[in-house]
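The values are calculated or read from the model by the stated rules, or taken from the named source; none is laboratory data. Keep in mind the model is a prediction, meaning the values are calculated, not measured. We place every Cβ from the backbone using ideal geometry, glycine too, and count neighbours over all the protein chains shown.
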């Protein structure tokens, strides 16, 4: 820190040394006795050293105070060290203006964010009414067309849930309710949403009951399971989807087209679609990103293994919440 202080005051120190040199030269030109030069020189040096020590102490105190505010990031302008000069006061005034501007922008952003979330929440609840009406109209029709339409309606409903999930995850009001849940019940409810698609596409379901009780948020866990099943259905043209528990992990596997090895490390990135996404232009790259965010909030580890043209397996570790 002494080096920084000397570097900051190098001009002042050089000026003092120049004054002292002029003082010594002038005394020498007048042929004054050497003690007459040394004695006042020592007094001036002692006085300058005393001032230097005091000024360094003030410099170090101000630096420590500013460093503390910088680390904690909760210091207000009123808690900053006192200003010694006009330039420091000007900087403090500029900082105060920037802080006021930042507060206004933050308030404006929060207001607009709350309005956006409120609008899409209302929109989602409104759009669910015609969705429910269409599902009810198709409920008693087992024709191939109605099954296909039912699958598309389920996807629309899922996309609406994705919108709400995306908004809620970015909101400070998101809450999680951890209670004892029946894992099999959550899985069955999630699979039921895609029953018409299973039937229409003649895909098999290999479900082994888990007989597990876990402590989690059933709503958010259901969203994760539904998103994984949806992805499996989307990229499985034939075969089956399996759901079971292995080594305290909920495993959801399929016999689909798989994921390229180069894409696997990035599947949880926001907006990443990879090779499969380029072939399916409707892919958004948001589903697995939301799953990862939710799993992190629930304390669940999520892993994906996949082999091209063989299939994909997604594993959810639930051991930390099992009873």
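For this structure, a couple of remarks:
- Of all residues in segment 1-29 being assigned to a helix (DSSP H, G or I) and touching a residue at least 24 places away in the same chain (Cβ under 8 Å), the one that is farthest from residue 62 (Cα to Cα): 20
- Each residue in segment 158-183 was checked for being part of a helix (DSSP H, G or I) and either touching a residue at least 40 places away in the same chain (Cβ under 8 Å) or crowded, with 17+ Cβ neighbours inside 10 Å (or both), and 12 pass.
- Test: residue in segment 254-276 that is modelled with pLDDT of 90 or more, part of a strand (DSSP E or B) and out of contact with any helix residue (DSSP H, G or I) (no Cβ under 6 Å at 6 or more places or on another chain): no
- Restricting segment 49-58 to residues that are surrounded by 11 or more Cβ atoms within 10 Å (Cβ to Cβ) and out of contact with any helix residue (DSSP H, G or I) (no Cβ under 6 Å at 6 or more places or on another chain), the residue that is farthest from residue 17 (Cα to Cα): 58
- Complete set of residues in segment 189-214 that are touching a residue at least 12 places away in the same chain (Cβ under 8 Å) and under 26 Å from residue 125 (Cα atoms): 189, 190, 191, 193, 194, 196, 197
- Considering each residue of segment 220-242 in turn, none proves to be surrounded by fewer than 18 Cβ atoms within 10 Å (Cβ to Cβ) and under 18 Å from residue 293 (Cα atoms).
- Where a residue in segment 302-315 is closer than 15 Å to residue 243 by Cα and its partner, wherever it lies, is surrounded by fewer than 15 Cβ atoms within 10 Å (Cβ to Cβ), with Cβ under 6 Å and at least six apart: 313/305; 315/303
- Residue check, residue 250 assigned to a strand (DSSP E or B) and surrounded by fewer than 18 Cβ atoms within 10 Å (Cβ to Cβ): no
- Matching entry among 190, 146, 196 (being assigned to a helix (DSSP H, G or I), modelled with pLDDT under 90 and crowded, with 18+ Cβ neighbours inside 10 Å): 196
- Per the listing 32, 47, the residue uniquely part of a loop (DSSP other than H, G, I, E, B), without any contact (Cβ under 8 Å) to a residue 12 or more places away in the chain, over 51 Å from the mean Cα position of the chain (by Cα) and farther than 30 Å from residue 95 by Cα is 32.
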